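Readers should treat all values here as calculations from the given coordinates under stated rules, not as data from a laboratory. Keep in mind that this is a model prediction, so the values were computed, not measured. Ideal geometry is used to build each Cβ from the backbone, glycine not excepted, and the neighbour counts take in all protein chains shown.
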Ligand SMILES: Cc1ncc(COP(=O)(O)O)c(C=O)c1O
């Protein structure tokens, strides 16, 4: 064995550097540092997960020559494929169709089989990538379903690997840990490790607009998820690998913020990362601005930029999706709210009675009301539901509306594009507009129609048809 050489490439997993950001976030009192997981041999933090999943699988009966099956958006697949190639396993990966071609080709390069499934179906749907992977696993002899969304070996990987590594690199000298959340393995495993050693540490999760996590953490409501472009983070269901209780704070970012920050990380800091890295840093900067503290923030950067050349690093794609500033498009929710004029936002609180809510609905000629607590939306009451509850006899005119508020809404931000709002409102009754955790407005389908009709005729026709 040559002096200084590693036994094989898996020995190069981990020991990734932590780097200080020089420019990004320099307008805040915080110091921001990043953990460069994109430098792992398989291209991301999922190398640590794959190593631990296989260790556990071998302990519990996976035999040589067996087949590893996984529902993966790419990175877990890349890491499993790398380990499988070395250890003589076959791989089948099932992924949603929004994933980049580069990610699919990357897996095929290792000899893996890739099955692509529709993104726009419920996770329980038999066509969803999660259901398909479960079925293939059940039908394959000596098959092992890696099951990163529900396998405790996922957070464990970070509890025994990334967590201790960061701790020993820094001597625990940081105040805040920030990570994006997909399966939640990273934040749950690292968060747990750090919390046990430094209870006052702040664990901050970053979630894209459209994902379920944010509203659930802030209000306990399972609002309507909707699609977004950033890959690897946010969910439309709750994986059991995600321990939401570990979070001290959750910060929300939209696609445009993620992608512009991803490009800034490359151009200003020389960090060629993927969109979830941009998301995590955008979230960290927001957190630093919000808390205004002199503190050390450590941000976990998951994967590299190579797989996003045709998207985030392609100006045409960025422009087509309205992520570059010069793109006017149909405008944003902010424009829509402004066009509604200065009508006051009418809300109720959870203790408002059904009778008072009906009075308010009548007085303002509206059919639904946001239920707010400390300025934040925590539910929705609609005329039709009040009626249903009264007719069923379960509630009376004196019942508090908090007990019968629904989650039939999506939350968006003032920067959400009108183009996206159309698909949001196809599924949710209304969109609640939140800015800095305060309800800034509510948009129903009729408001959107009104707004589009006010635009120049050729534009609005195109929008209504498109
Ligand atoms: C690019 C990228 N970023 C972030 C994550 C989220 O990490 P975790 O699943 O550990 O929450 C993933 C997971 O798939 C990912 O692929």
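Suppose a student asked you for the relative contact order of the chain, using Cα pairs under 8 Å spaced at least 6 residues apart; what percent would you report? If you can, show how the numbers build up before the last one.
Working: 889 pairs, mean separation 63.0, N = 466.
Taking the mean separation of contacting Cα pairs over the length of the chain, I get 14 percent.
Please compute the length gained on full extension between residue 290 and residue 238, using 0.36 nm multiplied by the number of residues separating them and subtracting their Cα-Cα distance. Can you show the working numbers first?
Numbers: separation 52, 0.36 × 52 = 18.72 nm, distance 2.72 nm.
Length gained between residue 290 and residue 238: 16.0 nm.
Fewest to most neighbouring Cβ within 10 Å: what's the order for 162, 168?
On the way: 162 24, 168 9.
The most exposed by this proxy come first: 168, 162.
Considering only C-alpha atoms, what is the centroid distance from segment 1-56 to segment 153-176, in Å?
For segment 1-56 versus segment 153-176, the Cα centre distance is 12 Å.
Only Cα pairs under 8 Å and at least 6 apart count here; give the relative contact order of segment 1-63 as a rounded whole percent. Show your work: numbers first, answer last.
Values: 45 pairs, mean separation 17.4, N = 63.
With pairs under 8 Å counted, the relative contact order is 28 percent.
Express in nm, to one decimal, how much length is gained between residue 5 and residue 366 on full extension, taking 0.36 nm for each residue of separation and deducting their alpha carbon distance.
Working: separation 361, 0.36 × 361 = 129.96 nm, distance 7.15 nm.
Using 0.36 nm per residue and subtracting the Cα-Cα distance, I get 122.8 nm.
Computed over the Cα atoms of segment 1-54, what is the ratio Rg over Rh, Rh following Kirkwood? Before the final figure, lay out each step's value.
Working: Rg = 15.5 Å, Rh = 13.4 Å.
Dividing the radius of gyration by the Kirkwood radius yields 1.16.
In Å, what is the Rg of the alpha-carbon atoms in segment 211-337, and how long is Dmax?
When restricted to the Cα atoms of segment 211-337, Rg and Dmax are 15.6, 41 Å.
When the Kirkwood radius is taken over all Cα pairs of the chain, what Stokes-Einstein diffusion coefficient follows at 4 °C and 1.567 mPa s, in µm²/s? If you can, show how the numbers build up before the last one.
Working: Rh = 23.7 Å.
Diffusion coefficient, whole number: 55 µm²/s.
May I ask you to derive the relative contact order of segment 46-145, considering only C-alpha pairs under 8 Å and at least 6 residues apart, and to give it as an integer percent?
On the way: 162 pairs, mean separation 30.0, N = 100.
Here the relative contact order equals 30 percent.
Round to the nearest 10 and give me the degree value, 0 to 90, for the angle of helix 46-59's Cα axis relative to the longest principal axis of the chain.
Around 70 degrees separate the two axes.
Classify segment 46-145 as rounded, prolate or oblate, taking a ≥ b ≥ c as the square roots of the eigenvalues of its Cα gyration tensor: rounded when a/c is under 1.5, otherwise prolate if a/b is larger than b/c and oblate if not.
Numbers: a/c = 1.95, a/b = 1.34, b/c = 1.45.
Cα axes put segment 46-145 in the oblate bin.
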